[in-house]
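*Asks:* After the structure tokens below, expect a handful of questions from me.
The values are calculated or read from the model by the stated rules, or taken from the named source; none is laboratory data. As the structure is a computational prediction, the values presented were derived from the model and not from experiment. We place every Cβ from the backbone using ideal geometry, glycine too, and count neighbours over all the protein chains shown.
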């Protein structure tokens, strides 16, 4: 019943859980590096109170919600099973 | 917290059996979000339900409902030699009246796929001699990220960054569907990530005004079937209201800080929805004080007359009046490679989901 694939990315709907590595000020905006199962991306943390080590639900580079680590692990595992994990969601860099 | 097996077959089957036990009469339920549609069709969840429970697919695919006029404006702006046009990848093959962004890129337009709206602001800083335009599509989930990009450009006093806005709001669409003649929808699966931002109060209001049950759900089989079960239970008991099976991602108050950012940046406006038409107060546009970041004002592309394919029934599908298998063009005159309408282009579109997961069945019949 359940299959995996690589083309299920839906950037304007999905939100992806990740773990905050660090927090910094970038041009006056609270940003952070967030780890998505081995892939690291810059994420805007301005509207969540997450600190390093905590987990956030991220949508198009913007953290929507701080979530518990167990919740994130649960979601991350499921996203990986779906084939719509960090690799699909996060590899598009501005060229 | 104990991990919840959201895709555990035994749990999924148990939910399906519970729904069958609860349902004593036919009910039609609409899932609002395109991501939910994709998951339902992909996992065959609709086929696990008793035949009396019908799932209709709603208008919650932002790529699908971006109006053709706005796609044509994007194409006109992207073709300009002084512009770097940035977009989510989903938008590149959405057909305008005559072409799409991918073709514009092939013809020399500087069209770039970015992951985050803030990436486009970075490009604007890197290329001060260019005008960088971001195609800001999405629902309430995506609005904060767009607002943040404009806020970053404002703080950096960038004169070469703007957004082409096509932001839409879910509650007016639900209200419109419930008010439309021939509406068969009796309950809704509400959009989880929209409510992560917005909270649940708007859906409480909808439930009370229209006397319908709404379950705010996520995107996994157990989430979705939990939502169906919740709605069926409420329907059978004659109850209205909002249930939140997706509580792990949705607080009743949403993300107040992100919402305030959106309110500072955008104002509510009437908005055209592709396939559906204009709906009052169903969209967001930049506030007048941020007009310098509005691509529609910056570039003279406003009066565009667009033409939809007359063979495409996306409008009826988006309103829950038809399903993709009702369309004679599915897989024949309309494919992901050569789409007639946007419900086939986006991975969240109902037609794309049916084409990928149900086409064999359609051809066989």
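*Asks:* Output the residue which, of all residues in the stretch B:268-290 that are exposed (fewer than 15 other Cβ atoms within 10 Å of the Cβ) and part of a helix (DSSP H, G or I), is farthest from the other protein chains (Cβ to nearest Cβ).
*Replies:* B:288
*Asks:* Restricting the stretch B:50-75 to residues that are out of contact with any helix residue (DSSP H, G or I) (no Cβ under 6 Å at 6 or more places or on another chain) and outside any helix (DSSP H, G or I), which is surrounded by the most Cβ atoms within 10 Å (Cβ to Cβ)?
*Replies:* Filtering the stretch B:50-75 for residues out of contact with any helix residue (DSSP H, G or I) (no Cβ under 6 Å at 6 or more places or on another chain) gives B:51-54, B:56, B:58, B:62, B:65-74.
From what's left, outside any helix (DSSP H, G or I): B:51-54, B:56, B:58, B:66-67.
Values: B:51: 9, B:52: 14, B:53: 22, B:54: 18, B:56: 22, B:58: 26, B:66: 28, B:67: 23.
Here the answer is B:66.
Each row is one residue, and each column tells you yes or no for (1) within 14 Å of chain A (Cβ to nearest Cβ); (2) farther than 30 Å from residue B:231 by Cα.
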residue	(1), (2)
B:52	no, no
B:62	yes, no
B:88	yes, yes
B:96	no, yes
B:99	no, yes
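*Asks:* While we're here: Yes or no: residue B:158 modelled with pLDDT of 95 or more, touching a helix residue (DSSP H, G or I) at 6+ places or on another chain (Cβ under 8 Å), surrounded by fewer than 24 Cβ atoms within 10 Å (Cβ to Cβ) and within 14 Å of another protein chain (Cβ to nearest Cβ)?
*Replies:* So residue B:158 fits the description; yes.
*Asks:* Output the residue which, of all residues in the stretch B:34-49 that are crowded, with 20+ Cβ neighbours inside 10 Å and over 17 Å from residue B:230 (Cα atoms), is farthest from the other protein chains (Cβ to nearest Cβ).
*Replies:* Here the residue is B:41.
*Asks:* Would you call residue B:145 at the interface with chain A (Cβ under 10 Å from one of its Cβ atoms), buried (at least 21 other Cβ atoms within 10 Å of the Cβ), part of a helix (DSSP H, G or I) and touching a helix residue (DSSP H, G or I) at 6+ places or on another chain (Cβ under 6 Å)? Working first, answer last.
*Replies:* On the way: at the interface with chain A (Cβ under 10 Å from one of its Cβ atoms): yes; buried (at least 21 other Cβ atoms within 10 Å of the Cβ): yes; part of a helix (DSSP H, G or I): yes; touching a helix residue (DSSP H, G or I) at 6+ places or on another chain (Cβ under 6 Å): yes.
For residue B:145, the condition - at the interface with chain A (Cβ under 10 Å from one of its Cβ atoms), buried (at least 21 other Cβ atoms within 10 Å of the Cβ), part of a helix (DSSP H, G or I) and touching a helix residue (DSSP H, G or I) at 6+ places or on another chain (Cβ under 6 Å) - is met.
*Asks:* Is it the case that some residue within the stretch B:252-267 is more than 14 Å from chain A (Cβ to nearest Cβ) and under 26 Å from residue B:178 (Cα atoms)?
*Replies:* To start, the set of residues in the stretch B:252-267 that are more than 14 Å from chain A (Cβ to nearest Cβ) comprises B:266-267.
Restricting the remaining residues to those that are under 26 Å from residue B:178 (Cα atoms) gives B:267.
For the stretch B:252-267, residues more than 14 Å from chain A (Cβ to nearest Cβ) and under 26 Å from residue B:178 (Cα atoms): present.
*Asks:* Then there is this: Take the conditions surrounded by fewer than 13 Cβ atoms within 10 Å (Cβ to Cβ) and either within 26 Å of residue B:215 (Cβ to Cβ) or under 22 Å from the mean Cα position of the chain (by Cα) (or both) and apply them to residue B:251. Does it pass?
*Replies:* In short, no.
*Asks:* Taking the stated definitions as given, is residue B:124 within 10 Å of another protein chain (Cβ to nearest Cβ), modelled with pLDDT of 95 or more, in contact with a strand residue (DSSP E or B) (Cβ under 8 Å, 6 or more places away or on another chain) and more than 20 Å from residue B:317 (Cα to Cα)? Steps first, answer last, please.
*Replies:* Details: within 10 Å of another protein chain (Cβ to nearest Cβ): no; modelled with pLDDT of 95 or more: yes; in contact with a strand residue (DSSP E or B) (Cβ under 8 Å, 6 or more places away or on another chain): yes; more than 20 Å from residue B:317 (Cα to Cα): yes.
When the stated conditions are applied, residue B:124 does not pass them.
*Asks:* If I ask for residues that are assigned to a helix (DSSP H, G or I), crowded, with 24+ Cβ neighbours inside 10 Å and touching a strand residue (DSSP E or B) at 6+ places or on another chain (Cβ under 9 Å), which ones from the stretch B:199-224 would you list?
*Replies:* B:203, B:223, B:224
*Asks:* Sticking with this one: Quick check on my filter: what residues within the stretch B:76-86 are part of a helix (DSSP H, G or I) and more than 10 Å from residue B:295 (Cβ to Cβ)? Quick ask: steps written out before the conclusion?
*Replies:* Step one: list which residues in the stretch B:76-86 are part of a helix (DSSP H, G or I), which gives B:76-78.
Selection gives B:76, B:78.
*Asks:* Please pick out the residue among B:254, B:320 that is at pLDDT below 95 and on the phi > 0 side of the Ramachandran plot. Write out each step before concluding.
*Replies:* On the way: B:254 fails: at pLDDT below 95.
From the options B:254, B:320, the qualifying one is B:320.
*Asks:* If a residue must be within 12 Å of chain A (Cβ to nearest Cβ) and surrounded by fewer than 23 Cβ atoms within 10 Å (Cβ to Cβ), how many such residues does the stretch B:101-111 contain?
*Replies:* Going through the stretch B:101-111, the residues within 12 Å of chain A (Cβ to nearest Cβ) turn out to be B:105, B:110-111.
From what is left, the residues that are surrounded by fewer than 23 Cβ atoms within 10 Å (Cβ to Cβ) are B:105, B:110.
The number of residues fulfilling the criteria is 2.
*Asks:* For the stretch B:161-184, enumerate the residues that are at pLDDT 95 or above and either part of a loop (DSSP other than H, G, I, E, B) or over 30 Å from residue A:57 (Cα atoms) (or both).
*Replies:* Within the stretch B:161-184, B:169 is the sole residue that qualifies.
*Asks:* Would you say residue B:123 is surrounded by fewer than 24 Cβ atoms within 10 Å (Cβ to Cβ), outside the structural domain of residue B:286 (by TED's automatic domain parsing) and in a helix (DSSP H, G or I)? I'd like the intermediate steps shown before the answer.
*Replies:* Details: surrounded by fewer than 24 Cβ atoms within 10 Å (Cβ to Cβ): yes; outside the structural domain of residue B:286 (by TED's automatic domain parsing): no; in a helix (DSSP H, G or I): yes.
So residue B:123 fails the test.
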